[in-house]
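Peer 1: Have a look at this one.
The values are calculated or read from the model by the stated rules, or taken from the named source; none is laboratory data. These numbers come from a predicted model, not from an experiment. Backbone-built Cβ (ideal geometry, glycine too); neighbour counts: all protein chains shown.
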Amino acid sequence: MSNILAGKKGIIFGALDHQSIAWKVAERCVEEGAQIALTNAPVAMRMGEINALAEKCKAPVIAADATSLEDLENLFQKSMEHFGGKVDFVLHSIGMSVNVRKGKVYTDLNYEWMQKTFDVSAISFHKMMHVMWKLDAINDWGSIVGLTYIAAQRVFPDYSEMAESKALLESFARSFGYHFGTAKKVRVNTISQSPTMTTAGQGVKGFHEFFNYADKMSPLGNAPAEDCANYCIALFSDLTRYVTMQNLFHDGGFSTMGMNPAVLQ
Ligand SMILES: NC(=O)c1ccc[n+]([C@@H]2O[C@H](COP(=O)([O-])OP(=O)(O)OC[C@H]3O[C@@H](n4cnc5c(N)ncnc54)[C@H](O)[C@@H]3O)[C@@H](O)[C@H]2O)c1
């Protein structure tokens, strides 16, 4: 390990269990010398294993429903008290579709549930950055990363309303990236990750078949969660200071493929 994040402080949203992408990111941040705080929705903290991760990472756990401005303000205030200053990086690793969970098909969506989906999966990203802006919670040259999926640009029918959630999330990264970049040299990017065996991933219908399809389609195979964590570390580090307002594919080449003979075999 290179200690590439030595001296940096960050907040990791969305570690539910050891499969979570955020879990791997948290572990890698600490391995690279960062200090972190962990957060998740209160209900998820009761179900999940986050306390084991907190112990391993010597990190405080501060509950926050990412749709609540009040919870987010409390989270950033407490984190700054804990660190004795502002943060340098934040990972938004949150996604949930109410319609997918309740088995509603795309052609017959419940719009109240859709609004909840957008609030949790995308607007929470704007709210998080809004609170950071208001509290001046991030240092100059800091880095904010959100996780997304290629269904924001291409049609993956079973991804349902999460496709629009991700399109919104990616747009918030660009728009807030302008404001944060201009005011504070802070960068905002999204990483578009391969299908990954996690609780959120496996909630999508036909996920296992699709996972295998994407694996064959991608020249390098599906990118594992551990490698997604490595990419996050690169984006939190000072080696990527001029990368901002980008949607960065971390998918083994999937997004550039048209057809791969391996899929037909
Ligand atoms: N797994 C995949 O195939 C895949 C692919 C591309 C992108 N992603 C994205 O990666 C991110 C992380 O997902 P994951 O695959 O690690 O699954 P995960 O289920 O481990 O993580 C999702 C997290 O969102 C949290 N969450 C839900 N509602 C919340 C709320 N109101 N407030 C705060 N947190 C809340 C959950 O508690 C959970 O920790 C998501 O944005 C997901 O869409 C996943």
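Peer 1: Please specify each residue of region 184-222 satisfying the condition of being under 30 Å from His130 (Cβ atoms), touching a helix residue (DSSP H, G or I) at 6+ places or on another chain (Cβ under 8 Å) and more than 9 Å from the ligand (Cβ to nearest atom).
Peer 2: Val186, Arg187, Val188, Asn189, Thr190
Peer 1: Also, I was wondering about something else. Of everything in region 240-263, what is farther than 23 Å from Phe172 by Cβ, touching a helix residue (DSSP H, G or I) at 6+ places or on another chain (Cβ under 9 Å) and not polar (S, T, N, Q)? Give them in sequence order. Even if it seems obvious, please write down each step before you answer.
Peer 2: The first filter runs over region 240-263 and keeps only residues farther than 23 Å from Phe172 by Cβ, leaving 252-254, 256-263.
Still in the list and also touching a helix residue (DSSP H, G or I) at 6+ places or on another chain (Cβ under 9 Å): 252-254, 257, 259-260, 262-263.
Across region 240-263, the qualifying residues are Gly252, Gly253, Phe254, Met257, Met259, Ala262, Val263.
Peer 1: Now, a different point. Just a yes or no: is a residue in region 44-64 over 20 Å from the mean Cα position of the chain (by Cα), assigned to a loop (DSSP other than H, G, I, E, B), modelled with pLDDT of 95 or more and under 19 Å from Ala15 (Cα atoms)? If you could, list the steps in order and put the result at the bottom.
Peer 2: Going residue by residue through region 44-64, those that are over 20 Å from the mean Cα position of the chain (by Cα) are 46, 52, 55-56, 58.
Remaining after also requiring assigned to a loop (DSSP other than H, G, I, E, B): 58.
Imposing the further condition that a residue be modelled with pLDDT of 95 or more reduces the set to 58.
Filter once more, keeping what is under 19 Å from Ala15 (Cα atoms): 58.
Yes, the conditions are met somewhere in region 44-64.
Peer 1: Is it the case that Tyr213 is of a type in the set (Phe, Trp, Tyr) and over 18 Å from Glu170 (Cα atoms)? Can you show your working first?
Peer 2: Details: of a type in the set (Phe, Trp, Tyr): yes; over 18 Å from Glu170 (Cα atoms): yes.
Judged against the criteria, Tyr213 is a match.
Peer 1: Now for a different question. Restricting the search to region 69-101, which residues are within 15 Å of the ligand (Cβ to nearest atom) and either within 15 Å of Leu16 (Cβ to Cβ) or free of Cβ contacts under 8 Å to residues at least 12 places away in the same chain (or both)?
Peer 2: Glu70, Asp71, Leu91, His92, Ser93, Ile94, Gly95, Met96, Arg101
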